[in-house]
Amino acid sequence: VYGSNTNAGYYPNTNDVGDGTGNSAVVACLEILSTSFSEPSLEVYSLDDETNQYEIVNNHPLAKLMKRPNPYITGELMNSYLMYSLHSNGDAYIFKRRSAAGRVVELHPIMPFMITPRGNTKNLITHYDYELPDGKVIIKKEDMIHVRLNIDPADHRRGRAPLKNVLREII
């Protein structure tokens, strides 16, 4: 699809990614997933060894961090990124920015097309290559949260969105 010529004018196809997110029906479904995922608050639980029951951990640092992952985005925007990335690409990547003491102080989403998971014959994933316009940055495995939806049969380091199976029908 190269664009739409309508009575209101010509609208070029601005979705160069080819992941289906230029289709209005796909976007509507992704919006529903995104909104629904953001509705409940994140709760952190711990397992009580004596009772074998889960208990809510109040004021856990992760719950606080997910409400405001960094100064530029809200928790709702992070959740939206997660749903869009997972369901259109199969992978979502979140970089952990650490303090000088090594504590995670911010979370930053990275677009999946900019990340390549790397590994070797011994370890499935050893690090991540982050492709920037001015070069490549290597991100250590422990500094990345990599969430996969399913497994890509061609590369087990990556996820596979169900949407990719129907791209020919929606693009």
Residue within the stretch 47-54 that is part of a helix (DSSP H, G or I) and either modelled with pLDDT under 95 or surrounded by fewer than 19 Cβ atoms within 10 Å (Cβ to Cβ) (or both) present: no
Any strands (runs of 3 or more DSSP E) falling wholly within the stretch 71-134 and containing at least 1 residues that are in contact with a helix residue (DSSP H, G or I) (Cβ under 8 Å, 6 or more places away or on another chain) and of a type in the set (K, R): 91-98
Taking the stretch 55-64 and keeping only residues that are open to solvent by 90 Å² or more (accessible area, probe 1.4 Å) and within 23 Å of the chain's Cα centre (by Cα), one is left with K64
Candidates K96, K67 - the one that is open to solvent by 90 Å² or more (accessible area, probe 1.4 Å) and at pLDDT 85 or above: K67
Residues (touching a residue at least 60 places away in the same chain (Cβ under 8 Å), more than 10 Å from D91 (Cα to Cα) and open to solvent by less than 60 Å² (accessible area, probe 1.4 Å)) located in the stretch 153-165: L163
What pairs come up if the first residue lies in the stretch 71-84 and is farther than 13 Å from I110 by Cβ, the second is of a type in the set (D, E, K, R) and loosely packed, with under 14 Cβ neighbours inside 10 Å, and their beta carbons are under 7 Å apart, counting only those six or more places apart or on different chains? G75/K67
Among the residues of the stretch 128-152 satisfying the criterion of being more than 14 Å from the chain's Cα centre (by Cα) and closer than 25 Å to C29 by Cβ, which is surrounded by the most Cβ atoms within 10 Å (Cβ to Cβ)? D152
Does M78 satisfy being aliphatic (A, V, I, L, M) and crowded, with 16+ Cβ neighbours inside 10 Å? yes
Taking the stretch 1-46 and the residues there that are modelled with pLDDT under 75 and open to solvent by 100 Å² or more (accessible area, probe 1.4 Å), the one that is nearest to the chain's Cα centre (by Cα) would be D16
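The values are calculated or read from the model by the stated rules, or taken from the named source; none is laboratory data. Since this is a predicted model, take the numbers as computed values, not measurements. Note that each Cβ is placed from the backbone with ideal geometry, even for glycine, and that neighbours are counted across all protein chains shown. The accessibility values were calculated without ligands, DNA or RNA, using every heavy atom of the protein model including side chains. Shrake-Rupley method; radii C 1.70, N 1.55, O 1.52, S 1.80 Å.
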